2 protein chains.
Amino acid sequence: MPLQARIEAILIADDPATFVTRELERVELQFGGIEGDRHFGILAKANVRQPMYKRGQEIMNRRQLSIVSVEELQGIAERIGVKEIQPAWLGANIVISGVPELTKLPMGIRMMLPSGGGLVCEGENEPCSGPGRIIAEHYQDSLLTKLFIQKAQQARGIVAYVERPGELKVGDLVQIYN
Amino acid sequence: MPLQARIEAILIADDPATFVTRELERVELQFGGIEGDRHFGILAKANVRQPMYKRGQEIMNRRQLSIVSVEELQGIAERIGVKEIQPAWLGANIVISGVPELTKLPMGIRMMLPSGGGLVCEGENEPCSGPGRIIAEHYQDSLLTKLFIQKAQQARGIVAYVERPGELKVGDLVQIYN
């Protein structure tokens, strides 16, 4: 039986000045992700996350979309002692509910959309300091940056790429399976 | 420590009449795989291996390259009682030695080439009847088709895609790691 998740929010990082995302009601996913988003592209430039390549070399883009779960974000918020962590602060593109352990989904797992599109999980999105700093700024507490990195391990969601394009809307039910 | 493998052969399926491959001394891997090979392409058409899509729909190509190991092919040959299984009969593109359990490598594992190129493992290439029939023809024994499918489980190699282009030559040593 596939797991079922509900799409709670869709977000885009289309302000070149920040990775923080803003909400959309729907999106037409393309090969490469969300057009206009800073992570959009079938190809991407290697960075610190791919130390086996020289920085800036072109590689296939396995990190087109950041997906987070309502349940996991609430868990992180509780562990670092704040009311909430907004998905936009993490640069998330898709927020789902119904999959409490989203971050543990293995690589290669598919998320099938009602439109017929499909995403492929590329594994855990390891917490880094950028979102930690946004959270720290919001709550005016500089200790939260490091605390976020510690307490968000295995809970900060996954990255994914678009295997087949298709529409995605808030409220969609998606099926997760191998 | 990364695993190390040696490239024993490089093969291309460039005869439209068959999936059987022929040997090359070297190849310039591209985004999409081996140019001219029947599985070349950043995109591919969905087939029986992707039943969640309609047949013929365009999807990202996760099956650009078929990689097999000398040790595993010898193991299959012994289990089905034949002298050898030639990689070309399976439509293999890359033959390696030094990784006896190649097929168990998880999705997402990288193979780094001396040229700076990189491949990503997309998991087990599940045995199907096509190669079984070629083996059966070669040894004039029709029972071998089914026997191959049974005995090649978890030993028929992996599929992979090109994450970063680069040259690959027979004799290259490649590093396998997460």
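Inspect all residues belonging to the range B:137-156 and state whether any of them is out of contact with any His (no Cβ under 8 Å at 6 or more places or on another chain), under 18 Å from B:Ile109 (Cα atoms), buried (at least 22 other Cβ atoms within 10 Å of the Cβ) and within 14 Å of another protein chain (Cβ to nearest Cβ). No; the residues of the range B:137-156 include none that is out of contact with any His (no Cβ under 8 Å at 6 or more places or on another chain), under 18 Å from B:Ile109 (Cα atoms), buried (at least 22 other Cβ atoms within 10 Å of the Cβ) and within 14 Å of another protein chain (Cβ to nearest Cβ). Residue-level check: of (1) touching a residue at least 40 places away in the same chain (Cβ under 8 Å); (2) more than 14 Å from chain B (Cβ to nearest Cβ); (3) of a type outside the set (Phe, Trp, Tyr), A:Val159 misses just (2). Residues in the range A:55-65 that are under 18 Å from the mean Cα position of the chain (by Cα) and open to solvent by 10 Å² or more (accessible area, probe 1.4 Å): A:Met60, A:Asn61, A:Arg62, A:Arg63. Consider the range B:91-119 and keep the residues that are over 24 Å from A:Pro106 (Cβ atoms) and of a type in the set (S, T, N, Q). The one that is surrounded by the fewest Cβ atoms within 10 Å (Cβ to Cβ) is B:Ser97. When you scan the range B:4-21, how many residues do you find that are at pLDDT 95 or above and open to solvent by 70 Å² or more (accessible area, probe 1.4 Å)? Matching residues across the range B:4-21 total 2.
Quick check on my filter: what residues within the range B:22-40 are surrounded by 19 or more Cβ atoms within 10 Å (Cβ to Cβ) and either at positive phi or at pLDDT below 95 (or both)? Answer for the range B:22-40, where residues must be surrounded by 19 or more Cβ atoms within 10 Å (Cβ to Cβ) and either at positive phi or at pLDDT below 95 (or both): B:Gly32, B:Gly33.
One residue stands out in the range A:162-178 among those that are more than 14 Å from chain B (Cβ to nearest Cβ) and open to solvent by 10 Å² or more (accessible area, probe 1.4 Å): the one that is nearest to A:Glu28 (Cα to Cα), namely A:Glu167. Of all residues in the range A:21-65, those being at the interface with chain B (Cβ under 8 Å from one of its Cβ atoms) and among the charged types (D, E, K, R) number 3.
Tell me whether the range B:125-135 contains one or more residues that are open to solvent by 20 Å² or more (accessible area, probe 1.4 Å) and within 14 Å of another protein chain (Cβ to nearest Cβ). Yes, that holds for at least one residue. Is the range B:84-104 home to any residue that is out of contact with any helix residue (DSSP H, G or I) (no Cβ under 9 Å at 6 or more places or on another chain) and either over 30 Å from A:Leu29 (Cβ atoms) or within 14 Å of chain A (Cβ to nearest Cβ) (or both)? Yes, the range B:84-104 contains a residue that is out of contact with any helix residue (DSSP H, G or I) (no Cβ under 9 Å at 6 or more places or on another chain) and either over 30 Å from A:Leu29 (Cβ atoms) or within 14 Å of chain A (Cβ to nearest Cβ) (or both).
Among the strands (runs of 3 or more DSSP E) confined to the range B:1-107, the ones with at least 1 residues that are β-branched (Val, Ile, Thr) are located at B:3-12, B:26-29, B:58-60, B:65-69, B:94-97. Residues that are farther than 18 Å from B:Leu173 by Cβ, at the interface with another protein chain (Cβ under 10 Å from one of its Cβ atoms) and not aliphatic (A, V, I, L, M) within the range B:106-124 comprise B:Pro106, B:Gly108, B:Glu122, B:Gly123, listed in sequence order.
The values are calculated or read from the model by the stated rules, or taken from the named source; none is laboratory data. Not measured: the values here are computed from a predicted model. Quick reminder, even Gly has a Cβ in these numbers, built from the backbone with ideal geometry, and neighbours come from all protein chains shown. Quick note on the areas: whole protein, heavy atoms, side chains included, nothing else; ligands and nucleic acids left out. Shrake-Rupley method; radii C 1.70, N 1.55, O 1.52, S 1.80 Å.
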